[in-house]
Structure formats: C-alpha cells, structure tokens
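Note sheet for the following structure.
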Amino acid sequence: MAISPEDSAGPARAVARIYGAAEEAILSMIARRLGRGLDSPNWIRRKADEARSVRREASKHVRQAERDAEKASREAVAEAADMGAREAASDMQQASGRSLDELREQVLQKDRLDELADATLTDATPPSRSVLRTVEDSFRRITQDSSAGALSGVETRRQSAQRALWKAADQGITRFRDSSGRNWELESWAEMSIRTATARASLDAHTRSLRELGQDLVMISDAPQECDLCRPWEGAVLSVSGTQVGTIEVPSATGGPPVTVQVDGSLDEARAAGLFHPNCRHSESAYIPGASRQPTNTQDTEGDAARQKLRQLERQVRKWKKREAAAMDEASRRQARDKVRHYQREIRDHTSNTTAKRQRQREQVSSAR
C-alpha cells in the first residue's frame, strides 16, 4: 500500500469550503451595504460611518468559520495519522510474515498518534485580526474609490462602486500576509495549511511506523503530469534513516538471491528538496526487496504543461464566481455568470484535447491557488 499527500485533498477542501463560504458571505454583505442609499448625497459619509459595523459583522462570519474549521481540522489530521500507521502495517504484512492485526496493534498506539497529530496543527490557525483589518480597510477603500470614479463623471456611482468592489474581490477581501511575507486569501490559506498538516501527519506516522517495524527503505511512486520539484524522485528508493545511501545489496524478502538496489538519498533530503509539497500527488510505500518494482520512463513534461494551463483556467472560473458573490445588481451577476460559463467551456475543450483531467472541485471558490 502507499501513502500520499493527495490522500488529504478531500478533508482539506472541506475545511477550505468553510472559510470560502465565510468569504462569500462577507462579499455579499459588503455588496448589500454599498447598495443601500447609493443615490443619497450623504452616501459617502454614511458608508464611512459603517466601516466598523462591517468589521463586526465580518467578525461573526470569521469566528464561526474558525469554530467549525477547528473541529474538522482536528478530525482530519487525526484520521490522517491513523491512516499512515495502518498503511505501514499493510506494507509490511508480506515481508514480515506477521498477521495484519498483530502489525497494526504494534503501530496503532492512540496516545502517540494523537501527539503527532497535535504537533502538525500548531500552524493551522488563521490570523483573524489581520483578516478583519483587511475587510475594514477594503470597505473604506471601496467607498473612496467609488466616490472618485463618480466625481470624474466617467461612471455612475453604482458602476464605480461595482468596479471597486470587484477589484477588492480579485485582490482578496480576506487577504493577509504570513510570517514569511507571502500574501494569502483566507480560504486558499486554509486549504494549504490543512493539506500540509494532514500530509505531514500521515507521512510521519507512516515512516515512524515503518521504522518501528524494522523497515528503512521506501519507494516513491510515478505520478502523471509531475512537477519539476518531484520529477527527480519518481521511482527512487530512499532511506528513512539516511544510513543507507548508494548501491547496496539487501536480502530478498521473497526467498530469492540478494537484491542490488540504488538508494538515491534520504527521505528527509527528498522532502527538503520539495517532494510531498502540499499539492503533491506522489506516494511512498515500503520498498520490499524482491517484491517491489520500481517505475521507469516516468517523465511527463507535456502533461505538466497541460495541467498548469488547466490551473490558469480554474483560477478564472473562481475569480468570476467570487465576482458573482460580490455583484450589486442583476446585470453584474449575469455578467459574472456568463464569464464563469465561458471559462468552463474552455476547461471542457482543454481537458478533451489533453491529458489534463477536469476536477470540478477546483472550480469552486474554496480551492487553493
């Protein structure tokens, strides 16, 4: 059996949908507030007075999302750690000659798995204060930009407000900067952080369990449309401990003659070089001498290019779905829906003519970039 970061995609998307729904609710709330009294001569002053109220209302959505996401995140990470340990036991059943129940009893120690799961969740809490400050600042800026556009005489106030709101939606109404200086939107950050946490939990539980069962070598799978980071490691045999590197001879697990194998480095080295990044589709499994077969001829650069083009089209679909949530009138909503349909047609054409596979969940607002 094999363990992969891709196994965590479903739970991570579920958490991201929680934050995505909160962001859509905030955009719709701002659109409603901007539309109230739009023709009043006192509109600018009234909107300026509403900024703090916008922040308070946004806070309710964000806090509720945090509560819902925390429970879902903990369940996802605990399940991932359990799965990693179970897969390690399955990996070793043939090679060890022991029963699956016996192997699982050795590695499925709840307190240790819970400890591992807790360690991976330390960075999975969003900076709510920064997010809410962005919401308030964005509302103020939208109001100011709307006024400037209307005063120029080029646009009506409604047109100017809609343009400013869509610009804010494109930039990210819940954006923030993390400790490394990278900018995020709340829902894409949530998906990335939970995918990272669940992948780490499952991979760490898998490799730790293999070590406990006396297994040091793992093999990396082939994955179509692989990225540049992972390509060098496809089909590689790696050492969990890092003590076995280079050409080595090991006993066959099937009773045949000794097996000569090239160990390309340590698992930690490969992960540090980018293997098993948050959106990675590769997997690791125990390398069983005499039984495991390494994949060959794995390079697929054309497939990677097709996948990257698909990601660009998915981003356009998400952009216009977000604009639909931020529409202030039916004409703007219709314009956004038409754009969504346009880019979805392009996705259908692209996936019909390339190896890229359509993933409809990635066309939802709550999918990571």
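The values are calculated or read from the model by the stated rules, or taken from the named source; none is laboratory data. Keep in mind it's a predicted model, so treat the numbers as computed, not measured. All Cβ positions, glycine included, derive from the backbone under ideal geometry; neighbour counts span all protein chains shown.
Return a yes/no flag: does the range 287-301 have any residue that is farther than 29 Å from Ala85 by Cβ, of a type in the set (A, V, I, L, M, F, W, C) and over 19 Å from the mean Cα position of the chain (by Cα). First the steps, then the outcome.
Taking the range 287-301 first, the residues farther than 29 Å from Ala85 by Cβ are 296-297, 299-301.
Among the residues that remain, those that are also of a type in the set (A, V, I, L, M, F, W, C) are: none.
Looking for residues that are farther than 29 Å from Ala85 by Cβ, of a type in the set (A, V, I, L, M, F, W, C) and over 19 Å from the mean Cα position of the chain (by Cα), one finds none in the range 287-301, hence no.
Residues of the range 37-61 being more than 20 Å from Ile173 (Cα to Cα), out of contact with any Ser or Thr (no Cβ under 9 Å at 6 or more places or on another chain) and assigned to a helix (DSSP H, G or I), which ones?
Arg45
Does the range 215-227 hold any residues that are crowded, with 16+ Cβ neighbours inside 10 Å and at pLDDT below 90, and which are they?
Scanning the range 215-227 gives Ser221, Asp222, Ala223, Gln225, Glu226, Cys227.
So which residues in the range 312-345 are surrounded by fewer than 16 Cβ atoms within 10 Å (Cβ to Cβ) and either at pLDDT below 90 or among the acidic types (Asp, Glu) (or both)?
Asp329, Glu330, Asp338
Taking the conditions exactly as written (within 22 Å of the chain's Cα centre (by Cα) and either surrounded by fewer than 18 Cβ atoms within 10 Å (Cβ to Cβ) or modelled with pLDDT under 95 (or both)), does Pro257 satisfy them or not?
Criteria not met by Pro257.
Exactly one condition in (1) buried (at least 19 other Cβ atoms within 10 Å of the Cβ); (2) closer than 23 Å to Asp137 by Cα; (3) within 21 Å of the chain's Cα centre (by Cα) is not met by Cys230; state its number.
(2)
Pairs only if they're at least six apart or on different chains, beta carbon under 8 angstrom, first in the range 240-256 and more than 21 Å from Thr207 (Cα to Cα), second loosely packed, with under 11 Cβ neighbours inside 10 Å and modelled with pLDDT of 90 or more; list them, first residue then second.
These pairs meet every condition: Thr247/Thr260; Glu249/Thr260.
Outside any helix (DSSP H, G or I) and without any contact (Cβ under 8 Å) to a residue 12 or more places away in the chain: does that describe Glu226?
Numbers: outside any helix (DSSP H, G or I): yes; without any contact (Cβ under 8 Å) to a residue 12 or more places away in the chain: no.
When the stated conditions are applied, Glu226 does not pass them.
Any idea which residue in the range 69-112 is modelled with the highest pLDDT, counting only those that are touching an Asp or Glu at 6+ places or on another chain (Cβ under 9 Å), more than 18 Å from Ala286 (Cα to Cα) and surrounded by fewer than 18 Cβ atoms within 10 Å (Cβ to Cβ)?
Filtering the range 69-112 for residues that are touching an Asp or Glu at 6+ places or on another chain (Cβ under 9 Å), more than 18 Å from Ala286 (Cα to Cα) and surrounded by fewer than 18 Cβ atoms within 10 Å (Cβ to Cβ), the one modelled with the highest pLDDT comes out as Arg74.
Kindly list the number of the only condition in (1) modelled with pLDDT of 95 or more; (2) basic (Lys, Arg); (3) loosely packed, with under 15 Cβ neighbours inside 10 Å that fails for Arg293.
(1)
All but one of (1) free of Cβ contacts under 8 Å to residues at least 40 places away in the same chain; (2) crowded, with 17+ Cβ neighbours inside 10 Å; (3) within 30 Å of His206 (Cβ to Cβ) hold for Gly10; which doesn't?
It is condition (2) that Gly10 fails.
Taking the options Gly274, Gly290, name whichever one is assigned by the TED database to the domain that holds Val240, touching a residue at least 12 places away in the same chain (Cβ under 8 Å), in contact with a strand residue (DSSP E or B) (Cβ under 7 Å, 6 or more places away or on another chain) and not in a helix (DSSP H, G or I).
Matching residue, one of Gly274, Gly290: Gly290.
Say whether the condition of being within 17 Å of the chain's Cα centre (by Cα), aromatic (Phe, Trp, Tyr) and not in a strand (DSSP E or B) is met by at least one residue in the range 187-206. It would help to see each step written out before you state the result.
Filtering the range 187-206 down to residues within 17 Å of the chain's Cα centre (by Cα) leaves 187-203.
Going one step further and asking which of them are aromatic (Phe, Trp, Tyr), we end up with 189.
Now restrict to residues that are not in a strand (DSSP E or B): 189.
Yes - at least one qualifying residue is present in the range 187-206.
Is it fair to say Gln244 is at pLDDT below 90, among the polar types (S, T, N, Q) and part of a loop (DSSP other than H, G, I, E, B)?
No.
Could you say whether any residue in the range 30-43 is touching a helix residue (DSSP H, G or I) at 6+ places or on another chain (Cβ under 8 Å), closer than 30 Å to Arg360 by Cβ and surrounded by 16 or more Cβ atoms within 10 Å (Cβ to Cβ)?
So far as the range 30-43 goes, yes, one or more of its residues are touching a helix residue (DSSP H, G or I) at 6+ places or on another chain (Cβ under 8 Å), closer than 30 Å to Arg360 by Cβ and surrounded by 16 or more Cβ atoms within 10 Å (Cβ to Cβ).
Looking for whichever is aliphatic (A, V, I, L, M), in contact (Cβ under 8 Å) with a residue 12 or more places away in the chain and under 17 Å from Arg133 (Cα atoms) here; the options are Ala22, Ala78. Which one fits?
After applying the criteria, what remains is Ala22.
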